[in-house]
Amino acid sequence: MKLRFAPSPTGYLHVGNARVAVANWLVARRQGGRFVLRFDDTDTERSKPEFAAGIEEDLRWLGLDWDESFRQSDRLERYELAAEKLKKSGHLYPCLETEEELRFKREQRQKQGRPPVYDRAALKMTAEQLERALANGKKPHWRFKLATRTVEWQDGVLGRRQVKLPPISDPVLIRADGSFLYTFTSVVDDLETGVSHIIRGEDHVTNTGVQIDIMEALSGRVCVKHFAHLPLLTDADGGPLSKRLNSMGLRQLRRDGIEPAALVGYLAALGSSADPVAAPAAELVRDFDLGRISKSTARFDPAQLLALNRRYLHGLDFETVRDRLPEGADQAFWDAIRGNLDLLAEARDWWEVAQGQIEVPAQPDEAELLQAALAEIPAEPWTPETWSAWTRAIGAATGRKGKALFLPLRKALTGEEHGPELKTFLPVIGRPRAEARLRASLGA
């Protein structure tokens, strides 16, 4: 078994193509197969080395590795040989129409109520006409002559699928400048590198029908035995995710503080009947099942991802995160704040609250309560039992209880109305800071 992920290095990864990468990797690893990273970089104008490097970095961040890697730009000779084979067999034919002429033809067919399919006028050219045109400096583009049949396959996600080829225009495989298009290079690569399973987005269903036809023309058989097309993602409201890809890029999610285990777990379960589990990619292999994925579109909901990220953080032990916490943060600090985090980056804010010089709100209306708090402030050392003993003493002195007791104290001690339980957070703040902040809130 061999699967491949084939991004185009014309940009960075977003959740849509990351989901495809995750699915291919999990299937390959579960079945003991090989996973290939192929860069489809024949678009020389838009493909950039920094995008390729960024894609590799993002895949590693997700916990995905690969057994082989190559770039299509290094295989141009193989595409030339395959193209010559198709030319000799009559499957690949030259066309001389300009883009303007093709556009006019499409418009005319639409006006006549006919599908805007290429009319194969180029096949009517004689050898002499072609030779004359080439001598006059014309450069042809090359189209593949599709068979007059219906291509069928059993899709690993969508079930029985078929693509009727006659209503489809013969695809251009080679541009007039001699560069190759993805429809062609992908088939050549899949044939020559032994890819056995292709998992990709549902938007490639028609493309699969065309590529199977090209594959058979090149090799006489369909070498890729299994195809699976993942339904496209929508946003949380059911709209096209493509409108929000910038915000759904992996680089942005990383900057926002999403944990890779949360994202890979969410992507692995997206659109399936399985509940998402935040875990390193390697731990998801055993339970991943492509057959669980629904034929319906799946909604990528950032709120659900954040909730999964939150649950994952809450379960991490100190040793796992200590290298990513602020310098000086210890076990007591992590135990105090982890249940209050959505993102690990928020730990830095709570470290500043615990150990920094923060501004607390003045509360002149709470003078009686704050004075009682200063009068009853316990001696060190402070433990998790200190908070309850202290607040009982303050309550007894002032008659306060509930929110009227706890909220002014929290605001004075942390500058916030919400946050970690003060039972565990107060010892991290310590008596000197707590006393100074009470005085500052009092205005003393």
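Name the shape class, rounded, prolate or oblate, that the alpha-carbon gyration tensor gives for segment 20-80, where a ≥ b ≥ c are the square roots of its eigenvalues, rounded holds for a/c under 1.5, and otherwise prolate holds if a/b is larger than b/c and oblate otherwise. Verdict is oblate for segment 20-80. The residues of the chain expose on average 50 square angstrom of accessible surface per residue, using a 1.4 Å probe on protein heavy atoms. With q set to 0.08, 0.13, 0.16 Å⁻¹, the log10 of I(q)/I(0) for segment 271-412, from the Debye formula over equal scatterers at the Cα positions, is -0.40, -0.80, -1.00. Using only the C-alpha atoms, the convex hull of segment 1-127 corresponds to 185 Å³ per residue. With a Förster radius of 25 Å applied to the beta-carbon distance between ALA127 and ARG149, the computed FRET efficiency rounds to 0.35. Which angle from 0 to 90°, rounded to the nearest 10, does the C-alpha axis of helix 431-442 make with the longest principal axis of the chain? The answer is roughly 90 degrees. Each of ASP74 and ALA393 was given a label point 7 Å from its Cα along the Cα-to-Cβ line. The distance between the two points is 7.1 nm. Between LYS2 and ARG34, SER196, HIS197, the built amide H atoms are under 5 Å apart, and every one of these is 5 or more places off in sequence or on another chain. R0 = 25 Å: FRET efficiency of VAL117 with ARG175, Cβ-based, nearest 0.05? According to the calculation, E is roughly 0.80. In this structure, ALA345 and LEU232 have a Cβ-Cβ separation that, at R0 = 30 Å, corresponds to a calculated FRET efficiency of about 0.45.
Counting protein heavy atoms only, the chain has 48 percent of its accessible area on carbon and sulfur, 1.4 angstrom probe.
With θ taken as phi - 60° and the Karplus curve 6.51 cos²θ - 1.76 cosθ + 1.60 applied, the whole-hertz 3J(HN,Hα) list for segment 124-140 is 8, 5, 7, 4, 5, 4, 5, 4, 5, 5, 5, 5, 8, x, 6, 10, x Hz, x standing for glycine and proline. With the convex hull drawn over the C-alpha atoms of segment 259-338, the volume per residue is 91 Å³. Neighbours of PHE318, meaning other residues whose beta-carbon lies under 15 angstrom from its beta-carbon, give a summed charge of -3 when Lys and Arg score +1 and Asp and Glu score -1. TRP66 sits among other residues whose Cβ lies under 14 Å from its own Cβ, and their net charge, with Lys and Arg +1 and Asp and Glu -1, is +1.
Listed by chain and number, the lysines whose C-alpha is less than 24 Å from the C-alpha of LYS411, apart from same-chain residues fewer than 8 away, are LYS401, LYS403, LYS423. When a/c reaches 1.5 or more, the comparison of a/b and b/c decides; with that in mind, is segment 59-168 rounded, prolate or oblate per its Cα gyration tensor? Verdict is oblate for segment 59-168. Exceedance of the 31 Å cut-off in Cα-Cα distance is limited, within the set LYS87/LYS111; LYS2/LYS145; LYS124/LYS164; LYS111/LYS164; LYS111/LYS138, to LYS87/LYS111.
Here the Karplus relation 6.51 cos²θ - 1.76 cosθ + 1.60, evaluated at θ = phi - 60°, turns the backbone of segment 340-351 into coupling constants of 10, 9, 9, 9, 5, 4, 5, 4, 5, 5, 6, 5 Hz, with x for every Gly and Pro. Could you work out which residue, out of THR386, THR126, THR185, moves most in a Gaussian network model of the chain, that is, has the largest mean-square fluctuation with Cα springs under 10 Å? Maximum fluctuation in the GNM of the chain, among the listed residues, is at THR126.
The Cβ shell under 13 Å around GLY399 holds other residues with a net charge of +2, Lys and Arg each +1, Asp and Glu each -1.
Normalised by the number of residues in segment 268-426, the mean separation of alpha-carbon contacts (under 8 Å, six or more apart) gives a relative contact order of 21 percent.
If a/c stays under 1.5 just call it rounded; otherwise compare a/b with b/c (prolate if a/b is bigger, oblate if not). Do that for segment 296-336, with a ≥ b ≥ c from the square roots of the Cα gyration tensor eigenvalues. It comes out prolate by the Cα gyration axes. Here the Karplus curve 6.51 cos²θ - 1.76 cosθ + 1.60, taken at θ = phi - 60°, turns the phi angles of segment 30-44 into couplings of 5, 8, x, x, 10, 10, 10, 9, 10, 9, 7, 10, 6, 7, 5 Hz, with x standing for Gly and Pro. Loop-located GluC sites (Glu not before Pro) in segment 354-400 (DSSP state not H, G, I, E or B) with no more than 11 neighbouring Cβ atoms inside 10 Å: GLU359, GLU385.
The values are calculated or read from the model by the stated rules, or taken from the named source; none is laboratory data. Model, not experiment: these values are computed from the prediction. For neighbour counting, all protein chains shown are included, and Cβ atoms are generated from backbone atoms with ideal geometry for every residue, glycine included. Please note that ligands, DNA and RNA were not included when accessible areas were found on the heavy atoms of the full protein model with its side chains. Shrake-Rupley method; radii C 1.70, N 1.55, O 1.52, S 1.80 Å.
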